[in-house]
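Okay, structure first, notes after.
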Amino acid sequence: MLEHDTPLTRAWVIHPDLKTDHTRRDAGPALAEAVALAAALPNLQVIGSDVVRLPKIHAGMLLGKGKIEELRVLFHDNEVELVLIDGPVTPVQQRNLEKAWGVKLLDRTGLILEIFSDRARTAEGVLQVEMAALSYQRTRLVRAWTHLERQRGGLGFVGGPGETQIEADRRAIDDQLNRLRKQMAKVVKTRELHRASRAKVPFPIVALVGYTNAGKSTLFNRLTGAEVFAKDMLFATLDPTMRKITLPSGDEVIMSDTVGFISDLPTELVASFSATLEEVLDADLIVHVRDISHEQTEEQSADVMTILRTLGIPEDAPMVEVWNKTDLLDDDARAAAETEAARKDDLYAISAATGAGMDDLMGSLAVHLKDPRCEEVLTLSFADGRQRAWLFDQGIVTDQQMTDDGYTLTVFWTLLQKERFTRL
């Protein structure tokens, strides 16, 4: 973590609103989210923000000459040290804008990587951030990568003593990536052992997912009594946390808190963090937590579902939706949300902060975990020992007959168990 006496970097946030991009988000909420992202870094002081209307993108500079000069004066007068652009910026654009403005510049991907680095706590989280950052840096030969020599506190994109504008050496980056991949392979193997041991324990896994800052960690803390870092801050949780809890029905389950999703998540992070989100792939029930008070809750929900599909979560995976932060709604909106939730079996309106609606949610989890089962007959060869052992570990084999070529097994399983079996 950064020391308290570390001087704050004066930052300005810009959201480019490209007129020709018909899929763009509303500029106001998008800028607010970008400012919240910046505020998630403890060493930044956001002193201003602007939406910049863009008729078109200027290849070498991103913005037009007049706007660049206008912003240069603004940044100079306000002693801005870092400009955060909420969108993609090419290496050439970055270099030219930094030269024109006399400041450091970070695009959306770089900022999210910096936040993830600051939040990473486990060995796996740190490795994943490093790999994602190196993949990002490899395409940006005009950036420094001094974070390879830093022991803590970010990736070195933002400030830091001794940071220089040097061209990254691809061979060195590739060597570093190979070293990190070897370390990650050991970590992943350890995780697989842990998952295998969990598979032998007959506890279903319930995974909390949702847009960042939706209140997942607050809900997780209320459900489990754990003290996960929960703060009104984007990406407050990075590494997954798991706890065993007992439901009112007496059933025991494993509750998993996961990193928050966000629109335009950098592709480097989607790839590198797939291992972190394995808990979601293995979940018996997914709890999608939404901040129902947010003006873009529908768009956030769509982003979450898109990422779940990218991760390979099937559309018919067991899932319930939780409308959180009802305490922030006015009386009419809260009543409407509660009425809607009462009409649907897989929807719950709650406030994790106040505890409102928690009893209904807790009481229903056991019901949702009673996944319909079906009987099937499988034929396995003698070489399929691992698959056969997994079936017995799951306790779903009801009959076994040996044949000349292997075994004929009768199993009584859920759809999720069948999907897991096909991935073995």
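The values are calculated or read from the model by the stated rules, or taken from the named source; none is laboratory data. Since this is a predicted model, take the numbers as computed values, not measurements. In this analysis, Cβ positions are derived from the backbone assuming ideal geometry, glycine residues included, and neighbour counts consider all displayed protein chains.
Residues in region 323-336 that are in a helix (DSSP H, G or I) and buried (at least 18 other Cβ atoms within 10 Å of the Cβ): T326, R334. Among residues of region 342-351 being over 20 Å from K370 (Cβ atoms) and at pLDDT 95 or above, the one that is surrounded by the fewest Cβ atoms within 10 Å (Cβ to Cβ) is S351.
The single condition among (1) touching a residue at least 12 places away in the same chain (Cβ under 8 Å); (2) within 15 Å of the chain's Cα centre (by Cα) that E299 does not meet is (2).
Looking at this structure, is L31 crowded, with 20+ Cβ neighbours inside 10 Å, in contact with an Asp or Glu (Cβ under 8 Å, 6 or more places away or on another chain) and at pLDDT 90 or above? For L31, the condition - crowded, with 20+ Cβ neighbours inside 10 Å, in contact with an Asp or Glu (Cβ under 8 Å, 6 or more places away or on another chain) and at pLDDT 90 or above - is met.
For region 208-227, the count of residues that are surrounded by 12 or more Cβ atoms within 10 Å (Cβ to Cβ), at pLDDT 85 or above and assigned to a loop (DSSP other than H, G, I, E, B) is nonzero. Restricting the first member to region 2-14 and to residues that are of a type in the set (S, T, Y), and the second to residues that are modelled with pLDDT under 65, the beta-carbon pairs closer than 8 Å and six or more apart or on different chains are T9/V158; T9/G159.
Just name the residue that is nearest to A214 (Cα to Cα) out of those in region 292-329 that are charged (D, E, K, R) and modelled with pLDDT of 95 or more. Top of the filtered list is K325. Take the residues in region 76-101 that are in a loop (DSSP other than H, G, I, E, B) and among the hydrophobic types (A, V, I, L, M, F, W, C); name whichever of them is farthest from A38 (Cα to Cα). Checked region 76-101; the qualifying residue farthest from A38 (Cα to Cα) is V89. Checked against the criteria, N43 does not count as free of Cβ contacts under 8 Å to residues at least 40 places away in the same chain and within 24 Å of R140 (Cβ to Cβ).
When R290 is tested against the conditions (1) of a type in the set (K, R); (2) outside the structural domain of Y211 (by TED's automatic domain parsing); (3) not in a helix (DSSP H, G or I), the lone failure is (2). Taking the criterion of being in contact with a strand residue (DSSP E or B) (Cβ under 9 Å, 6 or more places away or on another chain), more than 18 Å from S217 (Cβ to Cβ) and either in a loop (DSSP other than H, G, I, E, B) or at pLDDT below 95 (or both), would at least one residue in region 249-256 satisfy it? The answer is yes, given that some residue of region 249-256 is in contact with a strand residue (DSSP E or B) (Cβ under 9 Å, 6 or more places away or on another chain), more than 18 Å from S217 (Cβ to Cβ) and either in a loop (DSSP other than H, G, I, E, B) or at pLDDT below 95 (or both).
Return the pair list, or none, for Cβ contacts closer than 9 Å from residues in region 362-385 that are under 17 Å from M319 (Cβ atoms) to residues that are surrounded by fewer than 14 Cβ atoms within 10 Å (Cβ to Cβ) and of a type in the set (K, R), at least 6 apart or on different chains. Correct list of pairs: empty, since none qualify.
Confirm whether A383 is exposed (fewer than 12 other Cβ atoms within 10 Å of the Cβ), aliphatic (A, V, I, L, M) and more than 28 Å from D251 (Cα to Cα). Yes. Filter region 296-318 down to the residues that are touching a helix residue (DSSP H, G or I) at 6+ places or on another chain (Cβ under 7 Å), closer than 21 Å to R24 by Cα and surrounded by fewer than 16 Cβ atoms within 10 Å (Cβ to Cβ) and list them by number. Selection gives T310 alone.
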